[in-house]
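Every number in this text was worked out from the coordinates using simple rules, so none of it is lab data. Every value quoted in this text rests on a predicted model; they were computed, and no experiment measured them. Glycine also receives a Cβ, built like all others from the backbone with ideal geometry; neighbour counts cover every protein chain displayed.
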Amino acid sequence: MESNNLVVEEEKNEIKNNMMNNIKNNIKNELKNEMIEQGMAVNKTEDITDQVLSPEELKELDIRNENRFRTYISSEAVLTSWIRNTIILFMGGLTVIKFSDMKEKYILALFLSLTGLLIGIVSYFEYRDRIKKINNRDFGGLKIQSFNENLTLIVLIIFVALFILRSKRIIKKYSLKKVFTF
C-alpha cells in the first residue's frame, strides 16, 4: 500500500511539475510576443521561443544602440558643419564678384566657389562612408582625420598668402612703408 501511495505521490509531483512548466512557458511565450509586438529586443542568437534577453543583456544592448545612435548623430553634425562651410565659401565667391573692384576678382571668386563645392562633395562622400560603417558596426574602420581638414588648411594658407600680397600692394600704393618701420 505504501508503495502505491509513493507511486501516486510521484505521479502527482510529475503532473504538478509539468503543469508549472507549461504555465511558465505560456507566460514566457506571451511575454515574448508582447515584446515582439512592442519592438523590444529579443535574443536573435537562439530561436525566439527559447530565450528572452535578461535585464542585464537588455541594458547592455540599449547602451550599444545608444552609442551607435550618438555616433550617427555626431556624423550628421559634422556633415552639416561642412555643408555650412561649403555654402559660406560658395557665397563668398559670388560676393567677391558682386562687390570687389580688384582685377583678380574672377580668379578669387572661382577659387572660392570651387573650393566650397569640393569641400561639400568630399564631406558628403565621407558622411556616406561613415554611416555605412556605423550600420555595419565597423567602428574600427572609421577614419578620424578628414580630407576636408586638409582642404581647409590649403584654403587658409592661400588666403594668408593673398592677404600678404594684397597688403604689400596697398603698402606700395599708399606709401605706408614708413608706418610699418620701427
Test: LEU151 is over 17 Å from the mean Cα position of the chain (by Cα), closer than 16 Å to TRP82 by Cα, free of Cβ contacts under 8 Å to residues at least 60 places away in the same chain and assigned to a helix (DSSP H, G or I): yes
Are any residues in the range 107-146 under 17 Å from the mean Cα position of the chain (by Cα), polar (S, T, N, Q) and surrounded by 14 or more Cβ atoms within 10 Å (Cβ to Cβ), and if so, which ones? SER123, SER146
